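A.B. asks: This is the structure, below, for whatever I ask next.
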Amino acid sequence: MCIMHCELCIDYMAVFKCKMCGGDLEIKEKATVCECIYCGTKQTVPSSDDEKKLQLFNRANRLRFNNEFDKAAGVYESIVAEFPEEPESYWGLVLCKYGIEYVDDEKTGRKIPTCHRTLPASVMNDKNFELAYEYANNDAKIIYREEAKTIDRIQKNILSIVENEDPYDVFICYKETDENGNRTEDSLLAQDIYTELVKEDYKVFFSRVTLRDKAGTEYEPYIYAALKSAKVMLVIGTKFEYFDAVWVKNEWGRFLSMMEEDKEKHLIPCFKNIDAYDIPEEFNNLQGLDMGEVTFFKNLANSIEKFVEKETVTETVIINSGPTAIEPLLKRAFMFLEDGEFKDADEYAEKVLDTNPECAEGYLVKVLAENSLRKRRDLSDCENQYTCNKDYQKAVRFADETLKAELDEYLSTWKEYKYNIACENMVTATTIDEFNSVISTFEMLEGYKDSQERLETCLSNINDINSENCRIAGLKNSVCRKNIRINELEKNKEALNKALEECKEQYHRRKALSLKRLTISQIAMFVPAFISTIAISLNGEVNQSLSEIFMFLTIGAYIWYLVEIYLFMKKGVKDKKYRIIFLIYPLFGFLFCLKEWLFMKRNYNFTIKEKLAEIKTLNRKISECDIEILKEQKEIQELNKSLEEVQNT
């Protein structure tokens with residue numbers, strides 16, 4: 001029973017998982033801080049005095065690993081309700097509120113936090129952080145405070161980027177890829193909406209375009225800036241699963257929270273081929289639009305127009321005062337350009353334009369000064385895209401035929417120069433950043449030669465790289481999970497070996513005890529006959545040789561004893577009473593001892609067989625552990641081989 005109880009403990013004992021990597025933590029009794037043996041992170045842990053509490057923490061952490069912060073927060077709230085003085089539950093609420101995910105630092109390889117839910121308020125002033133700090137001991141307080149400082153620095157960096165971002169009118173929320181990594185129908189519909197809204201001069205946040213040149217860990221500042229500034233959010237969905245996808249729900253959930261504080265924000269659900277019951281409950285009181293209707297784009301434009309005011313630009317035309325007054329100023333401006341004094345050149349260009357706002361040469365000077373170019377012909381190999389520059393556009397607009405032809409020639413040469421560089425870089429590009437740089441160049445060329453086709457090829461290459469990166473990450477995670485599983489099996493095997501040793505020890509102890517008792521019962525069978533034989537010998541004739549044989553053979557002794565009784569009674573004892581006593585006493589003694597000996601023999605066999613069966617079972621379980629460990633190790637070798645092949649490719 002002891003071994004069976006130990007085995008049940010091994011199978012069902014709760015284990016607390018690492019908050020950063022998910023590995024098993026080895027927590028000492030009453031400890032509130034420990035270090036993960038897998039990722040090396042020193043972290044706070046809950047008190048391990050309740051198995052239910054540990055199970056709830058593991059569930060909440062598992063949801064948070066999957067970035068399901070709202071669901072995880074619900075579990076942490078239930079822990080707070082049942083264990084109000086557990087600091088780790090309040091800290092979990094902090095991590096969910098700010099959307100904290102721990103990722104690998106490329107430089108150090110250690111786990112560092114990244115934020116997916118930026119808030120203007122400092123984490124140091126958060127109520128849940130204060131409660132966690134209040135209930136924690138001194139060791140835990142140090143770690144809580146250091147992590148809070150790190151999160152606060154991340155928040156401040158994000159907010160500093162947000163301040164420099166241009167505001168958006170519309171935020172398009174949708175799911176980009178399905179479970180197979182293919183582009184969803186939602187993404188295609190979102191792109192159509194994006195194209196139509198851009199034509200209407202709206203500033204639109206569309207992640208496929210807006211975040212194209214941003215690394216994955218840098219998304220949050222731009223997403224938060226767009227969520228904060230956008231007046232309208234369009235949530236696109238053709239399936240309930242897409243509406244409820246982790247990152248999609250994260251975006252529209254945050255926007256709904258912002259709507260509670262800012263009544264000028266509005267969310268419009270856009271659905272297609274979906275049942276009303278499959279639309280999230282949070283959208284029940286919102287007016288949605290059916291993307292399957294013919295009038296969808298018209299209805300969408302009317303809805304957005306109610307909430308977003310377009311800026312109207314009015315041009316003021318100033319009468320030209322003549323070329324004579326500006327010629328010296330223009331000459332001086334071009335001289336400043338030749339000397340590299342671009343600030344002075346820009347100032348003189350402003351003076352020219354103050355006199356004649358339609359002077360193409362004045363705008364041209366401003367373009368050259370802004371791009372640090374000394375000569376007009378330097379436009380042919382300018383590093384920057386100057387065609388989108390408003391001053392350049394005005395220079396072309398007001399230029400005469402001669403200047404316009406000159407600018408067209410420079411532009412043609414510049415496009416050819418940029419096209420050749422982009423083509424060369426495209427051949428050598430191997431990373432996402434390199435392909436994004438090539439894409440930016442092709443976008444500047446605006447359809448020059450086959451730049452659009454090459455741009456699409458680069459986008460396809462980026463998708464391939466992303467797929468390979470996802471595959472590599474998946475393989476690494478699989479290897480990590482396999483190592484964790486092997487560690488668990490090794491622990492289980494160690495416990496089984498320990499139980500096996502205890503079982504063997506009990507087996508030998510019980511065997512010795514049973515043999516001892518069996519020997520005693522055998523000896524006890526001699527006693528009645530031995531005593532009776534002495535009594536008979538004292539009153540009759542003694543057969544010495546038979547007495548010696550009795551000491552070695554029990555049954556023979558009793559047979560000899562019965563013969564002695566018979567002879568004694570025949571010769572010397574006439575009283576029937578004594579005859580019966582001499583006959584019955586040893587006979588009952590023999591039968592009783594025989595019964596005890598048989599019982600002890602049976603009990604000995606049963607006890608030994610039971611323990612041998614337990615030992616056999618434990619050996620079988622240990623063999624199964626060994627087989628599973630070998631299997632896991634073989635799978636790890638195959639995963640590492642696949643990972644090496646992918647990385648080499």
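A.B. asks: Quote the Stokes-Einstein diffusion coefficient, in whole µm² s⁻¹, for the stretch 72-225, based on the Kirkwood radius over alpha carbon pairs, a temperature of 25 °C and a viscosity of 0.890 mPa s. All intermediate terms of the calculation are to be shown ahead of the outcome.
C.D. replies: Numbers: Rh = 18.0 Å.
Translational diffusion coefficient: 136 µm²/s.
A.B. asks: Does the stretch 24-143 come out rounded, prolate or oblate, given a ≥ b ≥ c as the square roots of the eigenvalues of its C-alpha gyration tensor, rounded meaning a/c under 1.5 and, failing that, prolate meaning a/b above b/c? Don't skip to the end; give the middle numbers.
C.D. replies: On the way: a/c = 1.34, a/b = 1.07, b/c = 1.25.
It is rounded, given that a/c, with a ≥ b ≥ c, falls under 1.5.
A.B. asks: Loop only per DSSP, at most 16 neighbouring Cβ atoms within 10 Å: give me the GluC sites (Glu not before Pro) in the stretch 210-274, ordered by residue number. Walk me through the intermediate numbers first.
C.D. replies: Working: sites: E218, E241, E251, E260, E261, E264; in loops: E264.
For GluC sites (Glu not before Pro) across the stretch 210-274 that sit outside H, G, I, E and B with at most 16 neighbouring Cβ atoms in 10 Å, the list reads E264.
A.B. asks: In percent, how large is the relative contact order of the stretch 77-215, given Cα pairs closer than 8 Å and 6 or more residues apart? Intermediate results must be reported in sequence, preceding the final value.
C.D. replies: Numbers: 134 pairs, mean separation 24.5, N = 139.
After rounding, I find 18 percent.
A.B. asks: OK, next. Suppose accessible area is computed on protein heavy atoms with a 1.4 Å probe; arrange D391, D49, D244 from highest to lowest.
C.D. replies: On the way: D391 35, D49 120, D244 55 Å².
If we order D391, D49, D244 from most to least accessible, we get D49, D244, D391.
A.B. asks: What full-extension length gain, to one decimal in nm, is calculated for D70 and D24 as 0.36 nm per residue of separation minus the Cα-Cα distance? Mind dumping the intermediate values first?
C.D. replies: On the way: separation 46, 0.36 × 46 = 16.56 nm, distance 2.43 nm.
Going from the current span to full extension adds 14.1 nm.
A.B. asks: A further question follows. Count the net charge of all other residues whose Cβ sits under 11 Å from the Cβ of T457, scoring Lys and Arg as +1 and Asp and Glu as -1. Walk me through the intermediate numbers first.
C.D. replies: On the way: positive: R454; negative: D450, E453, E456, D464.
In short, -3.
A.B. asks: May I pose another question? What number, in percent, do you get for the relative contact order of the stretch 396-473 if the mean sequence gap of Cα pairs under 8 Å and at least 6 apart is divided by its residue count?
C.D. replies: 25 percent
A.B. asks: Work through the residues other than M335 whose Cβ is under 10 Å from its Cβ and net out their charges, Lys, Arg +1 and Asp, Glu -1.
C.D. replies: Working: positive: K331, R332; negative: E338, D339, E341, D344.
My count for the surroundings of M335 gives -2.
A.B. asks: Still on this model: What's the local net charge at K298, with K and R +1, D and E -1, over the other residues with C-beta under 12 Å away? If you can, show how the numbers build up before the last one.
C.D. replies: Working: positive: none; negative: E196, E200, E293, E305.
Around K298, the charge tally is -4.
A.B. asks: If you don't mind, another one. How would you classify the stretch 105-161 from its alpha-carbon gyration tensor, with a ≥ b ≥ c the square roots of the eigenvalues: rounded for a/c under 1.5, else prolate if a/b is greater than b/c, otherwise oblate? Walk me through the numbers before you get to the answer.
C.D. replies: Working: a/c = 2.90, a/b = 1.25, b/c = 2.32.
Judged from the Cα gyration tensor, the stretch 105-161 comes out oblate (a/c at least 1.5, b/c at or above a/b).
A.B. asks: So which GluC sites (Glu not before Pro) in the stretch 91-178 pass both tests, a DSSP loop state and at most 11 other Cβ atoms within 10 Å of the Cβ? Please report the intermediate quantities before stating the final value.
C.D. replies: On the way: sites: E101, E106, E130, E134, E146, E147, E163, E165, E176; in loops: E106, E165, E176.
Passing sites in the stretch 91-178 are E106.
A.B. asks: Once the piece of chain linking E624 and E309 is laid out straight, how much longer is it, given 0.36 nm per residue of separation minus the C-alpha distance between them? Kindly include the intermediate steps, with their values, before the conclusion.
C.D. replies: Numbers: separation 315, 0.36 × 315 = 113.40 nm, distance 7.03 nm.
106.4 nm is the gain from fully extending E624 to E309.
The values are calculated or read from the model by the stated rules, or taken from the named source; none is laboratory data. All figures in this text were calculated on a predicted structure; none of them were measured in a lab. Positions of Cβ are generated from backbone atoms using ideal geometry, with glycine treated the same way; all protein chains shown enter the neighbour counts. Keep in mind that these areas ignore ligands, DNA and RNA; they rest on the heavy atoms of the full protein, side chains included. Shrake-Rupley method; radii C 1.70, N 1.55, O 1.52, S 1.80 Å.
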